Amino acid sequence: MVTINKNYLKLPGSYLFSTIAKKVADYQAAHPEEKIVRLGIGDVTQPLAPAIIDALHKAVDEMAHAETFHGYAPDLGYEFLRSAIAKNDYQDRGCRIEADEIFVSDGAKSDSGNIQEIFGTDNKVAVCDPVYPVYVDTNVMAGRTGEYNKERENFDGVIYMPCLEENGFLPELPKETPDLIYLCFPNNPSGAAITKEKLQEWVDYANKTGAVIIYDAAYEAYITEEGVPHSIYECEGARTCAIELRSFSKNAGFTGVRLGFAVVPKELEREGVSLHSLWARRHGTKFNGAPYIVQRAGEAVYSPEGKAQLKEQVAYYMRNAHYIYNGLKDAGYSVSGGVNAPYIWLKTPKGMTSWEFFDYLLETAHVVGTPGSGFGAHGEGYFRLTAFGTFENTQEAIRRIQAL
Ligand SMILES: Cc1ncc(COP(=O)(O)O)c(C=O)c1O
C-alpha cells in the first residue's frame with residue numbers, strides 16, 4: 001500500500017497567506033461596500049519597467065521565427081544572464097563571483113525551499129524567529145525536524161534565534177551549534193538590516209564550526225544605508241561557507257514573471273564534496289530552466305535604461321515605506337524597519353495579539369497587514385505592513401490607522 005510523507009502532517013494549518021486571504025475574502029463578502037486596502041502580502045503593484053517590457057516583446061518576436069526560436073533553456077541559465085548577474089551584482093561590487101557559480105531559477109521561493117535537498121536529513125537547522133516560513137516548512141517536509149510543539153508554537157529539533165527589539169531584531173550566535181543557518185537580510189518580516197561587521201561574525205562562525213549559511217538577499221535592492229552589505233560575499237571567507245539566494249521579484253517587479261538565482265561558490269565543500277556540483281546535479285535533474293523570454297527580461301534589468309527605471313521603482317516603494325514609518329510613529333506606534341527594506345514592523349498596541357490586531361485593523365480601518373505571529377512564536381505582538389501598495393492606497397491606509 002502507498003504510504004505518504006508523514007512529515008507533511010507535522011505542519012499546522014495552512015500557509016499563512018492562505019489564512020489571511022480567506023479571512024479577507026470572508027470579511028469582504030460580508031461587507032461588500034467596504035474598500036479594503038491590502039498591505040499584507042509582499043506583492044508588488046507597479047507595472048514592469050519599459051526596458052523590461054521591450055525586452056519581453058523582442059524575445060517573444062524571436063520565438064515566432066525558426067531562426068531565432070528557443071526551446072529548452074540551459075538548466076543552469078543562459079550565459080548572457082549569468083554573465084550580467086556576475087558582473088553587475090558581484091564583480092562591480094568587488095565580490096569574486098563567476099558566471100558559472102550562478103544558477104538561474106524561477107525565483108527565491110523555489111530555491112530557498114529546494115536548497116535543503118542537497119544536505120543530509122540529520123543536519124540541525126537554525127532560523128531567525130520571526131522568519132520567512134518557507135525555510136522551516138521545507139525542512140519539516142524533508143524530515144529534518146521533530147514534531148510541532150503546540151506550547152512553544154514551533155518545531156522540536158530546530159534552533160530558533162529570537163530577533164526582538166532588545167537585540168535590534170538581529171539573531172545572536174546560538175548556544176547549540178547548527179549545521180545549516182538561514183539568514184535573510186534585509187529581513188522579511190522585520191525589515192531589519194545587518195551591518196557588514198555583524199555579518200562577518202556569522203561568516204567567521206560558520207567557517208569555524210563547518211556550518212553552511214543560506215543567505216537570502218531577496219531585498220538587497222532596498223538597501224539605502226552605507227555599511228549594509230548587498231551580498232554575503234562582501235564578507236571575507238564567505239566563499240567557503242555561504243550560498244546566496246536572490247530574486248528579481250522585488251527589485252524588478254517579477255513576482256508574476258518569475259526569475260531568481262542561487263550563487264554556490266566552487267570552493268564550498270562539505271565532507272569533501274563540492275556543493276556546487278551537488279546543486280548543479282539537482283538543478284539539472286529537477287529543473288528545465290527559466291523561460292528564454294524571462295531570462296531576456298532579466299538581462300534588461302542590468303541595461304542602463306533598466307537600471308535607471310528600476311531605481312525609480314524601488315524609490316517609489318521606499319517613499320511608501322517612509323510614509324508608513326513616519327505616519328505610524330506620529331500616531332504613537334513603536335515601529336522599525338522601512339529604512340533598508342520595504343517592510344515596516346510595528347508593535348501591536350494595547351497588548352493585543354498579532355491576530356487580534358489583524359482583526360481589529362480589518363474590521364475598523366479595513367486595512368490588511370500580516371500578523372507577526374504568522375512568522376514565528378517571537379513575532380507575537382508584532383505586525384507587518386508592506387510598502388508595495390500604490391502611494392494612494394498607502395496614504396489612505398495610514399490616514400485610516402491614524403483616525404482609529
Ligand atoms: C525572504 C524572501 N525570500 C524569497 C521570497 C520569494 O521570492 P520569489 O518571488 O523570487 O520566489 C520572498 C517573497 O516574499 C521573501 O520574502
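Laboratory data are not the source of any read-out in this text; all were calculated from the coordinates shown. Source: prediction; values computed, not measured. Cβ: placed from backbone, ideal geometry, glycine included. Neighbour counts: every protein chain shown.
Note on K208: lysines with a C-alpha under 22 Å away, same-chain residues under 8 apart excluded, are K124, K175, K196, K198, K266. Seen from H322, the other residues with C-beta closer than 13 Å to its C-beta sum to a net charge of +1, counting Lys and Arg as +1 and Asp and Glu as -1.
Nearest 5 percent is fine: what portion of the DSSP beta bridges confined to the stretch 53-304 is antiparallel? Could the numbers behind the result be given before it?
Values: 12 of 28 bridges.
Looking only at bridges with both residues in the stretch 53-304, the antiparallel portion is about 45 percent.
So which residue, out of T370, T19, T390, gets the largest mean-square fluctuation from a GNM of the chain using Cα contacts under 10 Å as springs? So, out of T370, T19, T390, the one fluctuating most is T19.
In which sequence would F391, F287, F69, F185 go, from the one with the fewest C-beta neighbours within 10 Å to the one with the most? Intermediate results must be reported in sequence, preceding the final value.
On the way: F391 15, F287 18, F69 10, F185 28.
In increasing order of surrounding Cβ atoms, one gets F69, F391, F287, F185.
In plain terms, the bigger the Kirkwood radius, the slower the diffusion; for the chain, with that radius from Cα pairs, at 25 °C and 0.890 mPa s, Stokes-Einstein puts D at 112 µm²/s.
Once the C-beta distance of D359 and E305 is scaled by a Förster radius of 45 Å, the resulting FRET efficiency is 0.50 to the nearest 0.05.
Simple spin-label estimate for Q46 and E172 gives 3.9 nm between the two label positions (7 Å along the Cα-to-Cβ direction from each Cα).
Using r as the Cβ-Cβ distance of R319 and K286, and R0 as 30 Å, what FRET efficiency do you calculate, to the nearest 0.05? E(calc), rounded to 0.05, equals 0.15. Entry note, the chain: relative contact order of 23 percent, from Cα contacts under 8 Å with a spacing of 6+ residues.
Sparsely packed loop sites in the stretch 1-50 (the chymotrypsin sites (Phe, Trp or Tyr not before Pro) outside DSSP H, G, I, E and B with at most 13 other Cβ atoms within 10 Å) comprise Y15.
Ignoring everything except DSSP H segments at least 4 long, calculate the 222 nm mean residue ellipticity for the chain; use -39,500 (n - 2.57) per segment, divide by total residues, nearest 500. Numbers along the way, then the final one.
Details: 12 runs with 136 residues, N = 404.
Rounded to the nearest 500, it is -10500 deg cm²/dmol.
Modelled spin-label separation between I4 and L164, with each label point placed 7 Å from Cα along the Cα-to-Cβ direction: 3.7 nm. Along the axis of the charge dipole computed for the chain (Cβ charges of +1 for Lys and Arg, -1 for Asp and Glu, origin at the Cα centre), the listed residues A108, A25, G143 are led at the positive end by A25. Helix screen, the chain: DSSP H segments with Cα axial length of 15 Å or more and mean Kyte-Doolittle hydropathy at least 0.0 are 16-30, 50-62. Where a Cα-Cα gap under 18 Å defines reach, which aspartates and glutamates qualify for K6, not counting those fewer than 8 residues away within the same chain? By straight Cα distance, K6 reaches E117, D122, D137, E147, D156. Within the same chain, lysines fewer than 8 places from K307 are excluded, and of the rest, those with a Cα less than 16 Å from its Cα are K87, K250.
Computed extension gain for Q402 through T195, at 0.36 nm per residue and net of the alpha carbon distance, reaches 71.3 nm.
Beyond a 24 Å Cα-Cα separation, which of these cross-linked pairs lie in this structure: K23/K347; K22/K109; K22/K286; K10/K347? Numbers along the way, then the final one.
Numbers: K23/K347 21 Å; K22/K109 22 Å; K22/K286 32 Å; K10/K347 29 Å.
Violating the 24 Å Cα-Cα cut-off are K22/K286; K10/K347.
If exposed means no more than 16 neighbouring beta carbons inside 10 Å and the site is in a DSSP loop, what's the longest run of the chain without any exposed GluC sites (Glu not before Pro)? In the chain, the maximal stretch lacking such sites is 272-404.
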